[in-house]
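Peer 1: First the structure, which I've put down as C-alpha cells, then a few questions once you've had a look.
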Amino acid sequence: MMLPENQIVLWIYSFIIWSAMYICIAFFIKIYTKSCTYLSDADKAHMAEGCISSVQGFVCGGAGIAAVIAARHDVMNAKHWFVLPYSTIGSAYFIYDLAAMYYSHCLQKDSKGLPWVKHTKLYFQRSLLMIMHHIILIFLLFPALVYYSNMGDFFTGCFYLTELSTPFVNMRVVLSKFGMKSSKMYIINGVLMTVMFALCRVIMFPFMYLTYLSQYSKGISYLQALSRVPWHCHIGSSLVLAPQIYWLFLMLRGVFAVFFLQPKYVAKYD
C-alpha cells in the first residue's frame with residue numbers, strides 16, 4: 001500500500017510527464033506537418049492528444065495484462081503491486097487530457113473570439129460525454145476499484161485491459177486527418193480496432209465472470225456463485241458494457257460497409 005504522500009508525489013510527476021510529452025509531440029507534429037495546409041491548428045492539437053492517449057492505452061493495457069496474469073490463480077484475493085500506482089498515474093492522465101481537450105477546443109475556428117463564458121459553454125456542449133467519462137473515471141471508478149473494493153486485482157486488471165483498443169481508435173483519427181480513408185492502412189487499422197475493441201471491451205466481461213465462476217462455483221450452482229458477488233458490481237459492469245456493445249455494433253457496421261458495400265455507401269457508415 002502506497003503512503004498518501006507518495007501518491008501525491010507520483011501524481012504530480014505523472015501530470016508533468018503527460019503534459020511534457022504532449023508539448024513535445026505537438027511541437028514535432030507542427031514541424032512535420034508545416035507543408036500540410038489542409039490541417040488546421042485544431043487538427044494538429046487533436047493528433048497530439050491522440051498520440052498521448054495511445055501511449056496511455058498501451059501503459060494501462062500493459063498494467064492490466066500484468067495484473068490479470070499475476071492474479072488469475074485467485075481472482076478474489078490476489079494482488080499486484082502496480083495496480084495502485086497506475087490508478088494514480090491514470091488519474092493524472094485524465095486530468096491532463098481534460099486540459100488538452102480544452103486546448104484543442106480553443107483552436108477551433110468557431111471558438112476563437114468568443115467570451116470566456118460562451119467559450120466554456122460550447123466546450124461542455126461539444127464534449128460533455130467525454131468530460132463525464134473522465135470525471136467518472138477519476139472520482140468514481142478508480143477509487144471504487146482500487147480503494148473501496150475488497151475484490152482481487154484480477155478484476156481491476158480486466159478493466160485496465162479495456163484501454164488496449166485506444167491506440168487503434170486514435171490511429172483511425174490520425175489517418176482520417178491525413179485523408180487516408182481509402183488506404184489499405186486505414187482499412188487494416190479499422191479491422192484491428194474492431195477486433196481489439198471486441199476482445200478488450202466486450203468479450204472481456206464474460207471472460208471475467210467465467211474465470212470467477214471456475215474458481216468459486218465448486219459445490220454450488222453458477223447462480224448461487226453469482227449471487228455472492230455484490231449487486232453493485234453487476235450493475236456497474238452492465239453500465240460499462242452497454243455502451244461498448246453499441247459502439248462495437250457501429251464498428252462492425254463500418255467494417256461490413258467497407259468490405260461488402262459499394263464505395264459510395266461507405267462514408268455513410270464510416
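The values are calculated or read from the model by the stated rules, or taken from the named source; none is laboratory data. Everything numeric here is computed off the predicted structure, so don't read it as measured data. Positions of Cβ are backbone-derived with ideal geometry, glycine not excepted, and every protein chain shown enters the neighbour counts.
Peer 1: Being hydroxyl-bearing (S, T, Y) and surrounded by 16 or more Cβ atoms within 10 Å (Cβ to Cβ) is the filter; apply it to segment 104-130 and report the residue that is modelled with the lowest pLDDT.
Peer 2: Pass one, segment 104-130, residues hydroxyl-bearing (S, T, Y): 104, 111, 120, 123, 127.
Imposing the further condition that a residue be surrounded by 16 or more Cβ atoms within 10 Å (Cβ to Cβ) reduces the set to 104, 111, 123, 127.
Working: S104: 89, S111: 71, Y123: 85, S127: 84.
Taking the candidates together, the pick is S111.
Peer 1: Further, regarding this structure: Please work out if M47 is farther than 14 Å from T156 by Cα, touching a residue at least 40 places away in the same chain (Cβ under 8 Å) and out of contact with any Asp or Glu (no Cβ under 9 Å at 6 or more places or on another chain).
Peer 2: Yes, satisfied.
Peer 1: Confirm whether G179 is modelled with pLDDT under 90, surrounded by 17 or more Cβ atoms within 10 Å (Cβ to Cβ) and more than 15 Å from the chain's Cα centre (by Cα). Before the answer, list the steps.
Peer 2: Values: modelled with pLDDT under 90: yes; surrounded by 17 or more Cβ atoms within 10 Å (Cβ to Cβ): no; more than 15 Å from the chain's Cα centre (by Cα): yes.
Considered against the rule, which asks whether it is modelled with pLDDT under 90, surrounded by 17 or more Cβ atoms within 10 Å (Cβ to Cβ) and more than 15 Å from the chain's Cα centre (by Cα), G179 comes out as no.
Peer 1: In addition: Being among the small types (G, A, S) and out of contact with any Phe, Trp or Tyr (no Cβ under 7 Å at 6 or more places or on another chain) is the filter here; which residues of segment 156-178 pass it?
Peer 2: Within segment 156-178, G157, S176 meet the criteria.
Peer 1: When only residues in segment 14-44 that are in contact (Cβ under 8 Å) with a residue 24 or more places away in the chain, of a type in the set (S, T, Y) and closer than 24 Å to T166 by Cβ count, which is surrounded by the most Cβ atoms within 10 Å (Cβ to Cβ)?
Peer 2: Here the residue is Y22.
Peer 1: Cβ contacts < 7 Å: first residue under 19 Å from Q244 (Cβ atoms), restricted to segment 121-139; second residue of a type in the set (D, E) and surrounded by 15 or more Cβ atoms within 10 Å (Cβ to Cβ), any location; separation 6+ or different chain. Result?
Peer 2: Qualifying pairs under 7 Å: H134/D97.
Peer 1: Could you grab me the full set of residues in segment 1-11 that are in contact (Cβ under 8 Å) with a residue 40 or more places away in the chain and part of a helix (DSSP H, G or I)? First the steps, then the outcome.
Peer 2: Kept after step one, since they are in contact (Cβ under 8 Å) with a residue 40 or more places away in the chain, are these residues of segment 1-11: 1-2, 7, 10-11.
Selection gives Q7, L10, W11.
Peer 1: Let me ask something additional. Would you mind listing the helices (runs of 4 or more DSSP H) fully within segment 176-246 where at least 3 residues are farther than 30 Å from N77 by Cβ, out of contact with any His (no Cβ under 9 Å at 6 or more places or on another chain) and free of Cβ contacts under 8 Å to residues at least 60 places away in the same chain?
Peer 2: 184-198
Peer 1: For segment 12-61, how many residues are part of a helix (DSSP H, G or I) and either under 13 Å from the mean Cα position of the chain (by Cα) or among the charged types (D, E, K, R) (or both)?
Peer 2: Number of matching residues: 17.
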